[in-house]
Amino acid sequence: MQKPDFVLDPPLVAGNKTLLDVTDDVCAPLEGRPTVLWWTAFIAALSLLALGVAAVSYQLAMGIGTWGLNKSVGWAFDITNFVFWIGIGHAGTLISAILFLFRQKWRTAVNRSAEAMTIFAVMCAGLFPVIHMGRPWLFFWMVPYPNTRGPLWINFSSALTWDFFAISTYFLISLTFWYVGLLPDLATIRDRHRFGWRRQLMGFFCLGWNGSYRTWHRYELVYLLLAGLATPLVVSVHSIVSTDFATAVLPGWHTTIFPPYFVAGAIFSGMAMVLTLMLIARKVMHLEDYITVRHVDAMAKLVLTTSCMVGLAYTIEFFTAFRSADFYEVRAFVNRLVGPLGWGFGIMVLCNVLLPQLFWFRRVRVNLVLVWILSLFVNVGMWFERFIIIVTSLERDFLPSSWANYAPTTIEIATLLGSFGLFFTCFLLFCRFLPTIAIAEIKGVLAIGRPHGGTAA
């Protein structure tokens, strides 16, 4: 028998599922009782959140002197965490908006969870600048509105001000994008229940969805417009965050490579967090047929691509510094390499550049345990990247008389753990009450990768 001239890609949905199977499988975790594993994870996340609330409450009562900041290092853990969480939120917009516009069908299994991660990560990020203000109850002073404080207005030329506009816009667009994508699935859950609070609640939030051609046409048009609006935000948000540093004159910060460098790093860390969570959700929620090895392989390739971009940015930073003949710039990068925090720089390079190179090998990309472990290392490395960039330049600036070492306090560490508690608490509640996979979109790709005659309905 003659072999065919082509080879089909692995199917996007395994198991030869029908339309009804998709609905039943995705809705099963929502309709049954929470498992012991879910309760264990939820209690652990809630405990971390309670620890964070206690730490922030203590800091508000006593002042930011409870942190390890000193005369030189005025930004440390709080801004590190801010930039880290903003980066985590970029994967959702990348998967949902950019890959949607490029018609990448494999995104349908992970886009819903990635969008939810974006919202929760931005919530975590938004807490830290407010806490850093010292008097967070006056946060509304950042908003440009007619006030009774006379000529006291915010500095519109400050990158910190534009952070507020960029992040609030990013959050609102991401939230709207996520909610609009949920509408057909909320209607599906509504129709699966004849009576009860779940039907009434989902009926209210699905906005009267009736599944008609007119409804689907308008839905797809709005979804496309929101994807177009969200796409430039991937570039603009972290570019504006990077200008907090790039517009300074401090050695190690004053560089024009920061905007593309930060955007690539944000997508890098965000994709790693998606892999970290989705590989666990895949096993716990029995979604192996929907989040397949093909999906993991594609995401690992994106992680590898952005890792190479981040590694190139590290190299360009050192090359530019040493070719600049600027004594202070050279010393800043020498300090970053062999100074008091040189061990952190080593962790950063190992986790962000060296270990992800293993994704060049397909055997690694399809080994789910190895992918999960490597994604954890990437998350650790990207946190250290932000920490090293911020703290090393502040510890060793122009004047040796102002040099001071920084060490975090227990309050700062507890606040960081609390942000993780908030993130995982929100994500676990999302997995419990809303479909983690876009039912309507998965049904649209059932036949992709199947031989002719495969069952798709």
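The values are calculated or read from the model by the stated rules, or taken from the named source; none is laboratory data. Keep in mind the model is a prediction, meaning the values are calculated, not measured. Here the Cβ positions follow ideal geometry from the backbone for every residue, glycine too, while neighbour counts run over all protein chains shown. Accessible surface is based on the protein model in full, side chains and every heavy atom, while ligands, DNA and RNA are left aside. Shrake-Rupley method; radii C 1.70, N 1.55, O 1.52, S 1.80 Å.
Overall, the accessible surface of the stretch 71-226 at a probe of 1.4 angstrom is composed of carbon and sulfur to the extent of 69 percent. With every protein chain in place and a 1.4 angstrom probe, the accessible-area ranking of Ile98, Ile437, largest first, reads Ile98, Ile437. With semi-axes defined as the square roots of five times the eigenvalues of the C-alpha gyration tensor, the equivalent ellipsoid of the stretch 90-241 measures 35, 20, 14 Å, largest first. Kirkwood hydrodynamic radius of the stretch 232-313 from all distinct Cα pairs, in Å? Roughly 14.3 Å, rounded to one decimal. Exposure check, 1.4 Å probe, all protein chains in place: Ile373 carries approximately 70 Å² of accessible surface. Between Ile280 and Ala298, the simple label model (points 7 Å from Cα in the Cβ direction) yields a spacing of 2.4 nm.
Surface exposure of the stretch 292-338, expressed per residue as accessible area with a 1.4 Å probe, stands at 50 Å². Contact order for the stretch 247-332, expressed relative to its length and based on alpha carbon pairs under 8 Å spaced 6+ residues apart, stands at 42 percent.
Counting every C-alpha pair in the stretch 337-457, the share spaced more than 20 angstrom apart comes to 68%. Using a simple spin-label model with pseudo-atoms 7 Å out from Cα toward Cβ, Phe204 and Ser324 lie 5.6 nm apart. Of the residues Ala272, Val26, Val391, the one whose Cα sits farthest toward the positive end of the charge dipole of the chain, with +1 on the Cβ of Lys and Arg and -1 on the Cβ of Asp and Glu, is Val26. Taking only the alpha carbons of the chain, we obtain Rg and Dmax values of 23.6, 87 Å in that order.
For the stretch 306-457, with all protein chains present and a 1.4 Å probe, just round the carbon and sulfur fraction of the accessible area to a whole percent. Carbon-and-sulfur percentage of accessible area, whole number: 74. Under a model in which nothing but the beta-carbon of Lys, Arg (+1) and Asp, Glu (-1) is charged, the chain shows a dipole of about 840 debye around its Cα centre. Taking a sphere under 15 Å around the Cβ of Ile131 and counting the other residues whose Cβ falls inside, with K and R at +1 and D and E at -1, yields a net charge of -2. When you restrict to C-alpha pairs under 8 Å that are six or more residues apart and normalise by the size of the chain, the relative contact order lands at 35 percent. Spin-label pair Asn70-Ser47: with each label point 7 Å from Cα along the Cα-Cβ axis, the two points sit 3.4 nm from one another. Judged by the gyration tensor of its Cα atoms, with axes a ≥ b ≥ c, the stretch 1-90 is oblate; a/c meets the 1.5 cut and b/c is at least as large as a/b.
Counting only whole DSSP H helices of the chain, the ones at least 30 Å long by C-alpha along their axis and with mean Kyte-Doolittle hydropathy no lower than 0.5 are 36-62, 111-132, 159-191, 213-246, 258-284, 293-323, 368-395, 410-433.
Considering only Ser242, Ala166, Pro232, and ranking their Cα positions along the charge dipole of the chain that arises from unit charges at the beta-carbon of Lys, Arg, Asp and Glu, the one farthest toward the positive end is Pro232. In terms of its C-alpha gyration tensor, the stretch 203-245 has an oblate overall shape, because the principal axis ratio a/c (a ≥ b ≥ c, square roots of the eigenvalues) is not below 1.5 and a/b does not outweigh b/c.
Rolling a 1.4 Å probe across the protein heavy atoms gives the stretch 340-381 an accessible surface of 52 Å² per residue. With the helix formula -39500 (n - 2.57) applied to DSSP H stretches of n ≥ 4, the chain reaches a computed 222 nm mean residue ellipticity of -22000 deg cm²/dmol. The residues packed around Thr392, meaning those with a beta-carbon under 13 Å from its beta-carbon, carry a net charge of -1 if Lys and Arg are +1 and Asp and Glu are -1. The Cα trace of the stretch 384-441 gives Rg and Dmax of 19.7, 63 Å, the first to one decimal, the second as a whole number. Solvent-accessible surface of the stretch 24-144, taken per residue with a 1.4 Å probe and all protein chains present: 41 Å².
Would you mind checking Lys105/Lys283; Lys301/Lys443; Lys17/Lys105 for any pair whose Cα atoms are more than 19 angstrom apart? Over 19 Å apart, Cα to Cα: Lys105/Lys283; Lys301/Lys443. Within the shell of other residues whose beta carbon sits under 10 angstrom from the beta carbon of Cys206, the net charge comes to -1, with Lys and Arg scored +1 and Asp and Glu -1.
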